[in-house]
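Read through the structure below, which is laid out as structure tokens, and then see the notes.
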Amino acid sequence: MSVHKAISAHVNNQNKMITAFLELDQKREAYIEEAITNCKQGIAFSTDKINKITTLMNEISKQGVVPARKYVTTEMVEEYVNRIL
């Protein structure tokens, strides 16, 4: 029975990490969209919020359950906006 409890605890822990990662991913995507919108409109923007979330996501990814994410630069946003316009 203790093996079952250990496996259940492990699965529950992984599930919590995945849930937290997905929530952070949604926030990150929203910040990326915000940066893209501002760039399109010629409004100054920063990738600081995006990369703070990315750092948190990459800490979770160190557990081996989810993939790491790339850090975003202002140049990356500008290149993307120039490509889609």
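If you go through the stretch 12-24 one residue at a time, do you hit one that is part of a helix (DSSP H, G or I) and closer than 26 Å to N82 by Cα? No, the stretch 12-24 has no match at all.
Here the stretch 32-49 is the region considered, the condition is being under 14 Å from L85 (Cα atoms) and in contact (Cβ under 8 Å) with a residue 40 or more places away in the chain, and the residue that is surrounded by the most Cβ atoms within 10 Å (Cβ to Cβ) is C39. All but one of (1) basic (K, R); (2) open to solvent by 40 Å² or more (accessible area, probe 1.4 Å); (3) assigned to a helix (DSSP H, G or I) hold for R69; which doesn't? It is condition (3) that R69 fails.
Tell me whether the stretch 56-69 contains one or more residues that are β-branched (V, I, T) and out of contact with any helix residue (DSSP H, G or I) (no Cβ under 7 Å at 6 or more places or on another chain). No: zero hits.
The values are calculated or read from the model by the stated rules, or taken from the named source; none is laboratory data. For clarity, every value in this text was computed on a predicted model and none was experimentally measured. Glycine gets a Cβ as well: all are built from the backbone with ideal geometry, and neighbour counts include every protein chain shown. Just so you know, the surface numbers come from the protein's heavy atoms only, side chains and all, with ligands and any DNA or RNA stripped out. Shrake-Rupley method; radii C 1.70, N 1.55, O 1.52, S 1.80 Å.
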